[in-house]
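J.: Mind having a look at this structure? Questions to follow.
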Amino acid sequence: MVGFAYGKAEGPVTRGGNAKVKLVHSGRWVEEEAESVELAFDELSPRSVSAEEALDGAGTFVGGVICMSRVGAGGTRVWEYGLVVGYRWEKNLKQGWLDVNVRGSVVSVVYSASCTQDIAVEVYALQPCYGRSTSLVMFEEVKQMHEHVYKLFNGVDGTAVRDTKVLLSDMGGRQIDESDILPLLDITSFEVVEVSIEHILDYVYYKEGEHFHPSDKKFGDTIFDIAGDHAGTDAGSGSRGTEVVLSDGLSDSGDDDNAPSATDQCLCVCSIRVMEQEKRDRVRRSDMSKFSRKNNLPMPPKNVEFSELMGAVEVLSTLTQQLYKPVVHEALAAATQFLRELRVSEIPTSQVATAEIAAWIDDRLELFRVLIAGEDWTEVAKIKSHFCAAHESFVRVHQLILRRDLIASIREARAGSTRHDQRPRENPHSEKRVAIPADIRNALPKQANKELCLRFLSAQGCRGKNGTCVIKKLSHFKPAVLPDIVLDFITSNYGGLSENMQ
């Protein structure tokens with residue numbers, strides 16, 4: 001399982017040196033074994049957070065799928081499932097909020113460990129407790145139902161079951177449509193990908209569970225890849241991506257006393273982009289207050305420099321000073337002053353960043369025009385306050401620019417990597433099905449007439465839980481002695497032993 005975690009630096013930390021960072025057992029990792037890693041001081045300094053935020057653990061759920069309680073359409077609190085795409089920490093309230101993608105719609109919910117459970121992706125696809133009242137099914141019962149479905153699907157203590165009717169037969173008779181689409185986060189590319197329930201269940205059951213699969217079922221290297229003839233289709237097994245802005249969730253949520261208030265502060269923004277290019281183009285092509293066929297506005301150049309953008313706003317500000325009401329000039333004067341501040345700040349000023357800032361200014365001025373048309377002069381006077389680094393709308397844009405700048409840097413670094421790094425399929429440490437020779441099987445330690453699971457010993461790890469392997473005939477235990485022939489096989493095929501086994 002891959003995701004975000006909080007860590008605590010131990011011992012003295014000096015500039016330019018390394019520090020030992022121990023895993024904070026909170027959020028998704030509250031039951032995880034103790035782990036530590038060495039990180040450079042330069043990596044730690046900009047990622048510091050308060051102890052309250054780290055112990056709360058809300059940020060650890062970013063990228064994971066959860067079951068949570070939520071007030072439904074009828075006003076009753078029910079169990080719901082979703083993908084966590086972001087979070088924020090309310091410093092004053094000492095409270096974490098999760099941004100959850102529920103079937104395409106992003107909602108913000110207060111994180112509470114007593115009603116939020118991190119679940120496996122196959123349980124997320126089956127959603128056995130969906131829509132059930134929290135008064136009728138308590139949190140501990142929900143956890144038991146999830147564990148029951150997980151074990152039945154993966155064949156823990158029995159035969160693995162793929163039939164959804166059998167899997168959900170004990171859940172009140174609820175059935176699911178496997179053609180329905182659910183969002184998942186590809187953490188390697190920071191994209192929300194929409195995948196069918198059928199594809200999720202097939203991938204986990206046949207590919208990860210290593211069950212024999214029909215000839216028409218083909219899978220890629222990851223759950224987001226579509227292999228063979230299914231690539232590029234919109235069938236149930238297909239997937240489609242939506243760009244997502246993902247904060248690393250490790251930035252300090254309250255650096256100083258002059259920080260924005262808890263309601264305005266949203267430094268860890270993670271939401272699906274609403275401002276699509278097509279929407280921008282439509283707005284720029286026409287004046288939406290007139291409906292004549294001849295109503296066409298000149299198109300601005302797509303690639304502009306920051307100085308050109310700033311100059312255009314300054315010209316507008318100068319014109320409005322002479323020809324328009326003071327409230328119009330005040331708004332554009334505020335925009336001009338804000339752009340001057342941005343010019344000397346550390347925000348990236350690439351063409352991509354400038355385009356995002358220009359689109360944001362377009363949005364503010366379009367809202368300004370709508371308020372004037374509606375003669376809402378109170379709100380019109382407030383528009384000038386939007387041109388501020390602490391305003392919620394600009395915080396989202398700022399985070400998007402920083403994220404894109406980071407992604408561009410990562411892509412540039414990957415482009416310069418070696419050919420071996422660019423071909424993960426040839427990596428001997430990648431997770432793949434490995435045929436175990438007879439001499440290795442004979443040398444394996446056994447427990448209760450079950451062979452030892454090699455993947456459990458390896459750095460890759462096994463998906464089984466509570467000491468039980470997903471494959472019924474294998475067992476999880478730490479052997480007293482491991483033959484050299486077995487150790488060499490694990491090193492060659494599974495990337496070596498895990499730290500806990502060395």
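The values are calculated or read from the model by the stated rules, or taken from the named source; none is laboratory data. Quick caveat, the model's predicted, so the values are computed rather than measured. Neighbour counts are summed over all protein chains in view; Cβ atoms, including those assigned to glycine, are modelled from backbone coordinates with ideal geometry.
J.: Kindly indicate whether any position in region 42-51 is within 19 Å of Ser114 (Cβ to Cβ) and in a loop (DSSP other than H, G, I, E, B).
T.: Kept after step one, since they are within 19 Å of Ser114 (Cβ to Cβ), are these residues of region 42-51: none.
Checked region 42-51: no residue is within 19 Å of Ser114 (Cβ to Cβ) and in a loop (DSSP other than H, G, I, E, B).
J.: Continuing with this model, one more query. Name the single residue that is nearest to Val121 (Cα to Cα) among those in region 58-102 being outside any strand (DSSP E or B) and under 15 Å from the mean Cα position of the chain (by Cα).
T.: The initial filter retains those residues of region 58-102 that are outside any strand (DSSP E or B), namely 58-64, 72-76, 91-94.
Still in the running and under 15 Å from the mean Cα position of the chain (by Cα): 58-64.
Numbers: Ala58: 19, Gly59: 19, Thr60: 16, Phe61: 13, Val62: 14, Gly63: 11, Gly64: 9 Å.
In this case the residue turns out to be Gly64.
J.: Still on this structure, please answer the following. How about region 338-347: which of its residues are surrounded by 15 or more Cβ atoms within 10 Å (Cβ to Cβ) and either out of contact with any Cys (no Cβ under 8 Å at 6 or more places or on another chain) or of a type in the set (S, T, N, Q) (or both)?
T.: Filtering region 338-347 for residues surrounded by 15 or more Cβ atoms within 10 Å (Cβ to Cβ) gives 338-339, 342, 347.
If the condition is that a residue be surrounded by 15 or more Cβ atoms within 10 Å (Cβ to Cβ) and either out of contact with any Cys (no Cβ under 8 Å at 6 or more places or on another chain) or of a type in the set (S, T, N, Q) (or both), then Leu339, Leu342, Ile347 are the ones that fit.
J.: So, in region 135-161, exactly how many residues are outside any helix (DSSP H, G or I) and either aliphatic (A, V, I, L, M) or surrounded by 16 or more Cβ atoms within 10 Å (Cβ to Cβ) (or both)? Step through it out loud before you land on a result.
T.: Keep residues of region 135-161 that are outside any helix (DSSP H, G or I), which gives 135-138, 155-161.
Then keep just the ones that are either aliphatic (A, V, I, L, M) or surrounded by 16 or more Cβ atoms within 10 Å (Cβ to Cβ) (or both); that gives 136-138, 155-156, 160-161.
Residues that pass the stated criteria total 7.
J.: Can you tell me which residues in region 196-226 are in a helix (DSSP H, G or I) and of a type in the set (Phe, Trp, Tyr)? Write out each step before concluding.
T.: Step one: of region 196-226, the residues in a helix (DSSP H, G or I) are 197-208.
Tyr203, Tyr205, Tyr206, listed by residue number.
J.: Starting from region 101-124, take each residue that is within 24 Å of Glu53 (Cα to Cα) and list its partners that are surrounded by fewer than 14 Cβ atoms within 10 Å (Cβ to Cβ), counting only C-beta distances under 8 angstrom and pairs at least six apart or across chains.
T.: Hits for this filter: Ala113/Val30.
J.: Restricting the first residue to region 138-150 and requiring it to be outside the structural domain of Ala120 (by TED's automatic domain parsing), which pairs with a second residue that is surrounded by 17 or more Cβ atoms within 10 Å (Cβ to Cβ) and not β-branched (Val, Ile, Thr) meet a Cβ separation below 6 Å and a spacing of at least six or different chains?
T.: If the second residue must be surrounded by 17 or more Cβ atoms within 10 Å (Cβ to Cβ) and not β-branched (Val, Ile, Thr), no pairs are left.
J.: What residue, of Ala58, Ala9, is aliphatic (A, V, I, L, M) and surrounded by fewer than 21 Cβ atoms within 10 Å (Cβ to Cβ)?
T.: Numbers: Ala58 fails: surrounded by fewer than 21 Cβ atoms within 10 Å (Cβ to Cβ).
Every option except Ala9 fails the conditions.
J.: If you scan region 464-473, which residues turn out to be surrounded by 17 or more Cβ atoms within 10 Å (Cβ to Cβ), of a type outside the set (Gly, Ala, Ser) and either modelled with pLDDT of 85 or more or in a loop (DSSP other than H, G, I, E, B) (or both)?
T.: As a first pass, look at region 464-473 and keep what is surrounded by 17 or more Cβ atoms within 10 Å (Cβ to Cβ): 464, 468-471.
Cutting the leftovers down to of a type outside the set (Gly, Ala, Ser) gives us 468-471.
Result: Cys469, Val470, Ile471.
J.: Condition first: outside any helix (DSSP H, G or I), surrounded by 13 or more Cβ atoms within 10 Å (Cβ to Cβ) and hydrophobic (A, V, I, L, M, F, W, C). Can you find one or more residues in region 395-403 that meet it? Give the derivation first.
T.: First pass over region 395-403, keeping only residues outside any helix (DSSP H, G or I): none.
No, there is no match, as no residue in region 395-403 is outside any helix (DSSP H, G or I), surrounded by 13 or more Cβ atoms within 10 Å (Cβ to Cβ) and hydrophobic (A, V, I, L, M, F, W, C).
J.: Further question: Any idea how many residues of region 321-379 are in a helix (DSSP H, G or I) and in contact with an Asp or Glu (Cβ under 6 Å, 6 or more places away or on another chain)? Please lay out each step first, then the result.
T.: Quick first cut of region 321-379, residues in a helix (DSSP H, G or I) only: 321-323, 326-343, 351-373, 377-379.
Filter again for in contact with an Asp or Glu (Cβ under 6 Å, 6 or more places away or on another chain), leaving 336, 371.
Counting residues in region 321-379 that are in a helix (DSSP H, G or I) and in contact with an Asp or Glu (Cβ under 6 Å, 6 or more places away or on another chain) gives 2.
J.: Moving to a separate point now. Return the only residue of Phe477, Phe489 being of a type in the set (Phe, Trp, Tyr) and either part of a loop (DSSP other than H, G, I, E, B) or not assigned by TED's automatic domain parsing to the domain that holds Asp439 (or both). Steps first, please.
T.: Values: Phe489 fails: either part of a loop (DSSP other than H, G, I, E, B) or not assigned by TED's automatic domain parsing to the domain that holds Asp439 (or both).
Just a single option satisfies the conditions, and that option is Phe477.
J.: Do you know which residues across region 438-463 are part of a strand (DSSP E or B) and out of contact with any Leu (no Cβ under 8 Å at 6 or more places or on another chain)?
T.: Kept after step one, since they are part of a strand (DSSP E or B), are these residues of region 438-463: 446-447, 450-452, 458.
Across region 438-463, the qualifying residue is only Gln447.
J.: Ok, one more. Please indicate, with yes or no, whether at least one residue in region 178-186 is part of a helix (DSSP H, G or I) and assigned by TED's automatic domain parsing to the domain that holds Val102. Show your work before the answer.
T.: In the first step, residues of region 178-186 are kept if they are part of a helix (DSSP H, G or I); the result is none.
No, the conditions are met nowhere in region 178-186.
J.: Hey, among the residues in region 431-448 that are within 19 Å of Thr222 (Cβ to Cβ) and either of a type in the set (Lys, Arg) or not assigned by TED's automatic domain parsing to the domain that holds His476 (or both), which one's modelled with the lowest pLDDT?
T.: Of the residues in region 431-448, the ones within 19 Å of Thr222 (Cβ to Cβ) are 431-434.
Restricting the remaining residues to those that are either of a type in the set (Lys, Arg) or not assigned by TED's automatic domain parsing to the domain that holds His476 (or both) gives 432-433.
Details: Lys432: 57, Arg433: 67.
Looking at the filtered set, the residue picked out is Lys432.
J.: Here's a follow-up. What number of residues within region 368-390 satisfy the criterion of being under 30 Å from the mean Cα position of the chain (by Cα) and either hydroxyl-bearing (Ser, Thr, Tyr) or within 13 Å of Ala331 (Cβ to Cβ) (or both)? Can you show your working first?
T.: Of region 368-390, the ones under 30 Å from the mean Cα position of the chain (by Cα) are 386-390.
Restricting the remaining residues to those that are either hydroxyl-bearing (Ser, Thr, Tyr) or within 13 Å of Ala331 (Cβ to Cβ) (or both) gives 386-388.
The number of residues fulfilling the criteria is 3.
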